[in-house]
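Note sheet for the following structure.
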Amino acid sequence: MNAEARDAVLKSADWFTAAQLSQMADLKGRNANAQPSRWKRNGRIFALRQNGRNYYPGYALHPEAAYRPIKGLAPILKRFEGELDEWDIAIWFASINGFLGGRAPKDLLFSAPDKVLAAAEDEMAGILHG
């Protein structure tokens, strides 16, 4: 089932390599492709590792802010830190969530990041106490 969930996650959104993201974000210079890795290291975005490459979720990028990570994502990732791995996080973002009225967190990340954070808090409370 986990393989099916992973496949569904990859099909449910656009995923970009560091090079693609750097181009979209118009990052320049010798280390332009390293910027997405810095964002990941600083907890501003997450990535899935597949075939030796990191893939960054398109739903976590703000197109009107030059494709930088959505600001509301960092506190959500902080809440999951040490509890969920990147695949678990991606599956959570892609899954229908009763706390969010039957919508997937990825669909509300841009418009209602506070609600998504509350859903993440609810998810972690269930894991910690369930």
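Inside the range 6-19, can you point out the residues that are of a type in the set (Gly, Ala, Ser) and either surrounded by 15 or more Cβ atoms within 10 Å (Cβ to Cβ) or free of Cβ contacts under 8 Å to residues at least 24 places away in the same chain (or both)? Give the steps one after another, and end with the answer.
Step one: list which residues in the range 6-19 are of a type in the set (Gly, Ala, Ser), which gives 8, 12-13, 18-19.
Hits for the range 6-19 are Ser12, Ala13, Ala18, Ala19.
Among the residues of the range 59-77, count how many are touching a residue at least 24 places away in the same chain (Cβ under 8 Å) and open to solvent by less than 50 Å² (accessible area, probe 1.4 Å).
Within the range 59-77, the subset touching a residue at least 24 places away in the same chain (Cβ under 8 Å) is 59-62, 66-77.
Filter again for open to solvent by less than 50 Å² (accessible area, probe 1.4 Å), leaving 59-62, 66, 69-70, 72-74, 76-77.
Number satisfying all stated conditions: 12.
For Ala3, all conditions in the list (1) surrounded by 15 or more Cβ atoms within 10 Å (Cβ to Cβ); (2) of a type outside the set (D, E, K, R); (3) within 14 Å of Ile91 (Cα to Cα); (4) free of Cβ contacts under 8 Å to residues at least 24 places away in the same chain hold save one; what is the number of the exception?
(1)
Among the listed residues Asp85, Asp107, which satisfies the condition of being surrounded by 16 or more Cβ atoms within 10 Å (Cβ to Cβ) and either closer than 21 Å to Arg6 by Cα or polar (S, T, N, Q) (or both)? Spell out the reasoning first.
Working: Asp85 fails: surrounded by 16 or more Cβ atoms within 10 Å (Cβ to Cβ).
Sole residue among the options that is surrounded by 16 or more Cβ atoms within 10 Å (Cβ to Cβ) and either closer than 21 Å to Arg6 by Cα or polar (S, T, N, Q) (or both): Asp107.
Show the residue pairs that are 6+ apart or on different chains and have beta-carbon atoms under 7 Å apart, the first residue being within the range 78-98 and closer than 16 Å to Tyr59 by Cβ, the second being open to solvent by less than 20 Å² (accessible area, probe 1.4 Å) and among the aromatic types (Phe, Trp, Tyr).
From the range 78-98, the pairs are Glu86/Phe46; Ile89/Phe46; Ile89/Phe80.
Out of all the residues in the range 11-32, which are small (Gly, Ala, Ser) and assigned to a helix (DSSP H, G or I)? Break it down stepwise before answering.
The first filter runs over the range 11-32 and keeps only residues small (Gly, Ala, Ser), leaving 12-13, 18-19, 22, 25, 29, 32.
Scanning the range 11-32 gives Ala18, Ala19, Ser22, Ala32.
Do we have any residue at all in the range 33-41 that's touching a His at 6+ places or on another chain (Cβ under 7 Å), of a type outside the set (D, E, K, R), modelled with pLDDT of 95 or more and not in a strand (DSSP E or B)? Working first, answer last.
Filtering the range 33-41 for residues touching a His at 6+ places or on another chain (Cβ under 7 Å) gives none.
Scanning the range 33-41 turns up no residue that is touching a His at 6+ places or on another chain (Cβ under 7 Å), of a type outside the set (D, E, K, R), modelled with pLDDT of 95 or more and not in a strand (DSSP E or B).
If the Cβ limit is 6 Å and pairs must be 6+ apart or interchain, which residue in the range 24-42 that is among the aromatic types (Phe, Trp, Tyr) and surrounded by 14 or more Cβ atoms within 10 Å (Cβ to Cβ) pairs with which residue that is modelled with pLDDT of 95 or more and in a loop (DSSP other than H, G, I, E, B)?
Trp39/Ile45
Which numbered condition in (1) out of contact with any helix residue (DSSP H, G or I) (no Cβ under 6 Å at 6 or more places or on another chain); (2) at negative phi is the only one that Pro75 fails?
Evaluating Pro75 over (1) out of contact with any helix residue (DSSP H, G or I) (no Cβ under 6 Å at 6 or more places or on another chain); (2) at negative phi leaves (1) as the failure.
The values are calculated or read from the model by the stated rules, or taken from the named source; none is laboratory data. Note that this is a predicted model, so its numbers are computed, not measured. Virtual Cβ from ideal backbone geometry, glycine too; neighbours counted across all protein chains shown. Just the protein is used for accessible areas: all its heavy atoms, side chains included, with ligands, DNA and RNA removed. Shrake-Rupley method; radii C 1.70, N 1.55, O 1.52, S 1.80 Å.
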